[in-house]
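Structure, as structure tokens:
The values are calculated or read from the model by the stated rules, or taken from the named source; none is laboratory data. Everything numeric here is computed off the predicted structure, so don't read it as measured data. Cβ coordinates were reconstructed from backbone atoms using ideal geometry, including for glycine residues, and neighbour counts include every protein chain displayed.
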Amino acid sequence: MKMAVAAIIALGLSQTANAQLSNLLKKTASSAVSSSTATNVVSNLVGNLLGTNKLNEKNLVGTWTYSEPCVVLESENVLTNIGGTVVTSSIEQKFSNVLKKAKITPGKVVLKLNSDKSFTMKVNGKTTSKGTWSVSGSNLVLTMLGKSIKINASLNAGKLQLAANASKMKDLLTTGLGAASSISSSFGTVSNLLKKYNGLYLGLKFTKS
């Protein structure tokens, strides 16, 4: 009985804390977006958190299609520490522009993770890389051309989010997705922005086909 009461109290405190966080973030978001869209912006940002759970390899097997870029938060406290959605929206827009220059657009990038631990990446139907994959805690490790790239991964509601710091994301774009080295200059702007703010990472979201 005591355990049940304690659980109810803990749940109530958790819900209160989440409500307070959302209200705080909405106030911050209102400086960057209209009040009618603040809730959606906050919801999306809070949802883009680094994965902390150990990955289930069976759930990763399949064909994943790129759907959108995102800025990923190390924790829910990051937004309040850096000043809210103004910063994250700016970084996400610049990252999106870099991806467009590299011809990495929604629906055109496919990552296939096979049960035999091999993988292929295709952009616009053309294979840009292939190799092997493995899991290390909450990270997906892609090995290709003698190079391994470890990327934080999280699975949520049928979506795979791959996130990393600027240097690892650049490796994924150039080595894995075959992006031209010419993106280096434009990517540098995003990289410099990330260095100014602790707890922000770049992410790519995929949906399972």
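Of note, residue 145 does not satisfy the criterion of being within 18 Å of the chain's Cα centre (by Cα), assigned by TED's automatic domain parsing to the domain that holds residue 61 and not polar (S, T, N, Q). Does any residue of the stretch 138-156 turn out to be closer than 27 Å to residue 78 by Cα and in a helix (DSSP H, G or I)? No, the conditions are met nowhere in the stretch 138-156. From the list 179, 163, the one residue that fits, being under 22 Å from residue 96 (Cβ atoms) and either in a strand (DSSP E or B) or not assigned by TED's automatic domain parsing to the domain that holds residue 94 (or both), is 163.
Within the stretch 190-209, does at least one residue satisfy the condition of being at pLDDT below 95, outside any helix (DSSP H, G or I), touching a strand residue (DSSP E or B) at 6+ places or on another chain (Cβ under 9 Å) and within 18 Å of residue 60 (Cβ to Cβ)? The answer is yes, given that some residue of the stretch 190-209 is at pLDDT below 95, outside any helix (DSSP H, G or I), touching a strand residue (DSSP E or B) at 6+ places or on another chain (Cβ under 9 Å) and within 18 Å of residue 60 (Cβ to Cβ). Within the bounds of the stretch 108-121, is there any residue that is crowded, with 18+ Cβ neighbours inside 10 Å, out of contact with any helix residue (DSSP H, G or I) (no Cβ under 6 Å at 6 or more places or on another chain) and in a helix (DSSP H, G or I)? No, the conditions are met nowhere in the stretch 108-121.
For the stretch 50-72, a residue qualifies if it is hydroxyl-bearing (Ser, Thr, Tyr) and farther than 24 Å from residue 99 by Cβ, and exactly one does: 52. Going through the stretch 140-172 one residue at a time, which ones are in contact (Cβ under 8 Å) with a residue 40 or more places away in the chain and surrounded by 19 or more Cβ atoms within 10 Å (Cβ to Cβ)? Matches in the stretch 140-172: 140, 152, 153, 154, 160, 161, 162, 163. Taking the conditions (1) within 22 Å of residue 58 (Cβ to Cβ); (2) modelled with pLDDT under 95 in turn, residue 131 satisfies each one other than (2). Could you tell me which residue of the stretch 173-209 is nearest to residue 79 (Cα to Cα), considering only residues that are of a type in the set (A, V, I, L, M, F, W, C) and under 13 Å from the mean Cα position of the chain (by Cα)? Checked the stretch 173-209; the qualifying residue nearest to residue 79 (Cα to Cα) is 200.
Scanning the stretch 118-141 for residues that are farther than 12 Å from residue 172 by Cβ and hydroxyl-bearing (Ser, Thr, Tyr) returns 118, 120, 127, 132, 134, 136, 138.
Scanning the stretch 60-105 for residues that are among the hydroxyl-bearing types (Ser, Thr, Tyr) and crowded, with 22+ Cβ neighbours inside 10 Å returns 66, 85, 88. Does residue 88 qualify as being in contact with a Phe, Trp or Tyr (Cβ under 9 Å, 6 or more places away or on another chain), modelled with pLDDT under 90 and assigned to a helix (DSSP H, G or I)? Yes; evaluated as a whole, the condition is true for this residue. The conditions of being touching a strand residue (DSSP E or B) at 6+ places or on another chain (Cβ under 6 Å) and either over 19 Å from residue 163 (Cα atoms) or modelled with pLDDT of 95 or more (or both) are not met by residue 73.
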